[in-house]
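Have a look at the structure below, then the notes.
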Amino acid sequence: MIQRKELIFQIVLHVLVFLFNIYDRKHPGIEGFEIAFFLNYSVWTAIISYYLMPKFLYQKKHWKFFIGVLLVLTGTILFQEMVLEPIFFAGTDRAQIWPGLNWAMFGVIPVVAILAGFKFAWDALQKQKQIDELKSVVEESELQFLRSQINPHFLFNNLNNLYSYALESSPKTPEIILEMSGVLRYMLYECKEKFVPLKKEAEQLGNFIKLYKMQIEERGNVSFKLGKIQSGYKIAPLILIVFIENAFKHSQSGQSSNIEIEIELTQKGNEIQFTCINNFEPSEQMQAVAAGIGLQNVRKRLELLYPGKHKLKILDKGKQYMVSLSMQLETA
């Protein structure tokens, strides 16, 4: 069934092609036979556009489509010469003379080609629109899936730490639970949108770092430098947390002292620069962390949300791991 937009498009197209086809500076005006001839072209072209194209061309049955077009062109010419000409030019030489196939084709093919060509272009645009919409739905579903992995990932890592504190009856256990509940509240209720305010995300980074610093205690130093964050900008939620989480896991993997973690987040205009550096002792466990699901997750999210708008560098310098990420932000 023809949609309203396509119907309006076809009406406008037919009017323009008709006026262009009959335009003659020496003989201005519209004759009845010109209307009849053009209607003949339109009807036969409709067969190409709404039957042959969907049934054969779009199904890649090219030979059947080509034969069908030849039959349509033949029918158009025969109807014009054997029916319309005798009606409008009865008693004249024009009604009795067959102009020849070449001459007839010259009059029919341009009009049919233009009308059918624009129909093909319309279908191509609609198909591309459907592909774009489907791609958008797939990307959104994939983003939702990737984001859904963050909460279990966060819980898995922190519940193990909380368990060890609980076994030791540490007085820090209630504080850890409180910090965890705050971060989880943010993850569950404030990160439903594709992008969140940058200031809010930066605030949660501070809370997240504070939660992990409790695990290091006196075994090293953790610094978090936060530059001036401007309002009016948005960022994909939880996209930086994975790097911070990995930094703490790297440093604690096989290392009981002298832990050094440096985290910095700065903003300049619509671009942020994030840097996370940590030391570590090489081990099989550290290699498993580096290849874990967290980094795969964040790489994929960056590709989907910031295509061509981010630069991610991850350097392994033997006993030092550095992440550098620059991103162009969305405006609120």
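Tabulated values for the structure
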| item | result |
| --- | --- |
| Residue within the stretch 245-254 that is exposed (fewer than 14 other Cβ atoms within 10 Å of the Cβ) and on the phi < 0 side of the Ramachandran plot present | no |
| Top-ranked residue in the stretch 282-314 [being in contact with a His (Cβ under 9 Å, 6 or more places away or on another chain) and over 24 Å from residue 230 (Cβ atoms); ranked as modelled with the highest pLDDT] | 303 |
| Scan of the stretch 63-106 for residues that are of a type in the set (Lys, Arg) and either at pLDDT 75 or above or touching a strand residue (DSSP E or B) at 6+ places or on another chain (Cβ under 6 Å) (or both), ordered by number | 64 |
| From 162, 184, residue being at pLDDT below 80, not assigned by TED's automatic domain parsing to the domain that holds residue 271 and not polar (S, T, N, Q) | 162 |
| When residues of the stretch 220-238 are limited to those that are in a strand (DSSP E or B) and charged (D, E, K, R), the one surrounded by the most Cβ atoms within 10 Å (Cβ to Cβ) | 234 |
| Matching entry among 175, 193, 179 (being in contact with a strand residue (DSSP E or B) (Cβ under 9 Å, 6 or more places away or on another chain) and either in the same structural domain as residue 273 (by TED's automatic domain parsing) or among the basic types (Lys, Arg) (or both)) | 193 |
| Residue match in the stretch 53-62 (condition: loosely packed, with under 13 Cβ neighbours inside 10 Å and among the hydrophobic types (A, V, I, L, M, F, W, C)) | no |
| The stretch 46-93 - residue that is outside any helix (DSSP H, G or I) and not hydrophobic (A, V, I, L, M, F, W, C) and, of those, farthest from the chain's Cα centre (by Cα) | 91 |
| Which numbered condition residue 233 fails, given (1) hydroxyl-bearing (Ser, Thr, Tyr); (2) in contact (Cβ under 8 Å) with a residue 60 or more places away in the chain; (3) on the phi > 0 side of the Ramachandran plot | (3) |
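The values are calculated or read from the model by the stated rules, or taken from the named source; none is laboratory data. Keep in mind it's a predicted model, so treat the numbers as computed, not measured. Note that we place each Cβ from the backbone using ideal geometry, even for glycine, and neighbour counts take in every protein chain shown.
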